[in-house]
Amino acid sequence: MARRLFLFGLLVAALVAASVWLADRPGQVTVHWQGWRVDTSVPVLLMAMVAFMAVVAFAWRLLGMVVGAPGRFLARRREARIQRGYAALSDGLAAVAVGDRKRAGKLAKQADRLLADPALTGLLTAQAAELSGDEAEAEKRLSSMVERPQTAALGLKGLLTLAKRRGDNAAALDYARRAWALGAPAADLATDLFDLQARAGQWVEAEATLDEARKRRALAPEDIRHRQALTQYERSLQAERDGDPASALSLAQKAHQSDLTLVIAAARVARLLHRAGKDRKAAAALTSTWQVAPHPLLVEAWLALAPAETPLQRVKRLEKLVKANPDAADGHVALAEAALAAKLWGEARNHLEQAARQRPGAAVFILLARLEREERQDEAAAQAWMSKVVTAPAEPAWHCASCGKPADLWTSTCPSCGTPDSLWWGSKAQALLPAP
């Protein structure tokens, strides 16, 4: 501000000085032009020149305003049109969010007409088309969004959703890969890409996706570790099929370390370690998983470590596993069955009573009936227990959290609907609830 005042004062002082200098030196000027003669003083001539320049400047500006008026009118009209288009676009997206199909369609057409940019209005038009059931129009609009770099990722994600809805996993995988390659960090995209690669059996690629998801922080660390365990487990199976036992064992161990709760990985690593003559490590692997996720598969794997042992030896060895997690009903059932085989009636009854308190079921009642017959030859008591089997709660089994159907064995993808990582252990009633 001070600088501007200084410059203004300097300019005024120069003008005053020039005026004084000209007043002290009036002088005379004579102009001859086309037979005309004009005699005047220098100051008057300078003032006339200044006035003439001002008139010319004003006339030029006025001419510019007249000539540019149509352009400015059209520009204002275009700006108003764009503003109405953006308003229709935002209101249309709000209508889509609340499921107002009629209003969303109307506003989509309005935004499309006002903005005249299919790539920009593609999302609204596609979502409005989806609401009205016109998937062909939705796909067309989303494809136009893919052609625009600013909306390509959004368009690909929309196409991915449409492909998944119609069950076209190959197309969905292609869209997911392309969207992921653009750097989209969304967690749902990382999950979709992993699941589609898992469905296609592309476990190496799925593991690479998890590595990239970790760098982008697109998934929670525990989710990445669990999915890594799945990929390493499947790769271990493939290595075994390829005749590479060393890689099969190494990958199985990585799967177990990645997620101790993945029961199938613990059972597998125990089997491979037993085959390699490393029973102590196999037992340690089973025990570590038994502590956090007890399961009958772990009991089977534990017993398989010493298939030729006597009934009494089996009881002694099972006690070590059960002790690692005494709250697990499956452990008491297994130990009770081993005690029955060894004719240790008191121990069998003790474990069956604990199992009945923790998880009463048909398996426990059948073993209690067997105990009454073998220890006391009490058929009436045995029949009393057997009568409870009919009304007993369903035994746990593998169920798909996606389709709800049971499965005989655990697999990385549901054998009924193909959903990856959807099988979990529980009762049929629990299968209707979200997976734990």
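Do the conditions hold for R370, that is, is it crowded, with 18+ Cβ neighbours inside 10 Å, charged (D, E, K, R) and either out of contact with any Asp or Glu (no Cβ under 9 Å at 6 or more places or on another chain) or farther than 24 Å from T261 by Cβ (or both)? It would help to see each step written out before you state the result.
Numbers: crowded, with 18+ Cβ neighbours inside 10 Å: yes; charged (D, E, K, R): yes; either out of contact with any Asp or Glu (no Cβ under 9 Å at 6 or more places or on another chain) or farther than 24 Å from T261 by Cβ (or both): yes.
Yes.
Evaluate the following for G346: is it under 21 Å from R376 (Cα atoms), free of Cβ contacts under 8 Å to residues at least 12 places away in the same chain and either in contact with a Cys (Cβ under 7 Å, 6 or more places away or on another chain) or loosely packed, with under 15 Cβ neighbours inside 10 Å (or both)?
Values: under 21 Å from R376 (Cα atoms): yes; free of Cβ contacts under 8 Å to residues at least 12 places away in the same chain: yes; either in contact with a Cys (Cβ under 7 Å, 6 or more places away or on another chain) or loosely packed, with under 15 Cβ neighbours inside 10 Å (or both): yes.
Yes; evaluated as a whole, the condition is true for this residue.
Scan the range 399-436 for residues that are at pLDDT 85 or above and small (G, A, S) and jot them down.
Let us first name the residues in the range 399-436 that are at pLDDT 85 or above, namely 399-425.
Listed by number, the residues that qualify are A401, S402, G404, A407, S412, S416, G418, S422.
Identify, please: which residue in the range 338-376 is touching a helix residue (DSSP H, G or I) at 6+ places or on another chain (Cβ under 6 Å) and polar (S, T, N, Q) and is, among those, farthest from T391 (Cα to Cα)?
Q354
Among the numbered conditions (1) on the phi < 0 side of the Ramachandran plot; (2) at pLDDT below 85; (3) within 14 Å of the chain's Cα centre (by Cα), tell me where G183 comes up short.
G183 satisfies every listed condition except (1).
Which of the numbered conditions does A401 fail, given that it passes all the others? Conditions: (1) more than 16 Å from H295 (Cα to Cα); (2) crowded, with 17+ Cβ neighbours inside 10 Å; (3) not assigned by TED's automatic domain parsing to the domain that holds P420.
(3)
Would you mind stating whether G331 is buried (at least 19 other Cβ atoms within 10 Å of the Cβ), touching a residue at least 40 places away in the same chain (Cβ under 8 Å) and either within 30 Å of Q228 (Cβ to Cβ) or in contact with a helix residue (DSSP H, G or I) (Cβ under 8 Å, 6 or more places away or on another chain) (or both)? Steps first, answer last, please.
On the way: buried (at least 19 other Cβ atoms within 10 Å of the Cβ): yes; touching a residue at least 40 places away in the same chain (Cβ under 8 Å): yes; either within 30 Å of Q228 (Cβ to Cβ) or in contact with a helix residue (DSSP H, G or I) (Cβ under 8 Å, 6 or more places away or on another chain) (or both): yes.
When the stated conditions are applied, G331 passes them.
Of all residues in the range 212-239, how many are of a type outside the set (S, T, N, Q), within 21 Å of the chain's Cα centre (by Cα) and assigned to a helix (DSSP H, G or I)? First the steps, then the outcome.
So the first thing to find is which residues in the range 212-239 are of a type outside the set (S, T, N, Q), and the list is 212-227, 229-230, 233-235, 237, 239.
Then keep just the ones that are within 21 Å of the chain's Cα centre (by Cα); that gives 212-227, 229-230.
When the remaining residues are screened for being assigned to a helix (DSSP H, G or I), the result is 212-216, 221-227, 229-230.
Within the range 212-239, residues that are of a type outside the set (S, T, N, Q), within 21 Å of the chain's Cα centre (by Cα) and assigned to a helix (DSSP H, G or I) number 14.
Taking the condition in a helix (DSSP H, G or I), surrounded by fewer than 20 Cβ atoms within 10 Å (Cβ to Cβ) and within 14 Å of the chain's Cα centre (by Cα), does D174 pass? Step through it out loud before you land on a result.
Values: in a helix (DSSP H, G or I): yes; surrounded by fewer than 20 Cβ atoms within 10 Å (Cβ to Cβ): yes; within 14 Å of the chain's Cα centre (by Cα): no.
For D174, the condition - in a helix (DSSP H, G or I), surrounded by fewer than 20 Cβ atoms within 10 Å (Cβ to Cβ) and within 14 Å of the chain's Cα centre (by Cα) - is not met.
Taking the options W410, W385, W424, name whichever one is in contact with a Phe, Trp or Tyr (Cβ under 6 Å, 6 or more places away or on another chain) and touching a residue at least 24 places away in the same chain (Cβ under 8 Å).
Working: W385 fails: touching a residue at least 24 places away in the same chain (Cβ under 8 Å); W424 fails: in contact with a Phe, Trp or Tyr (Cβ under 6 Å, 6 or more places away or on another chain).
Answer to the selection: W410.
The values are calculated or read from the model by the stated rules, or taken from the named source; none is laboratory data. Note that the structure is predicted; figures quoted are calculated from it, not measured. Reconstructed Cβ throughout: ideal geometry from the backbone, glycine too, with neighbour counts over all protein chains shown.
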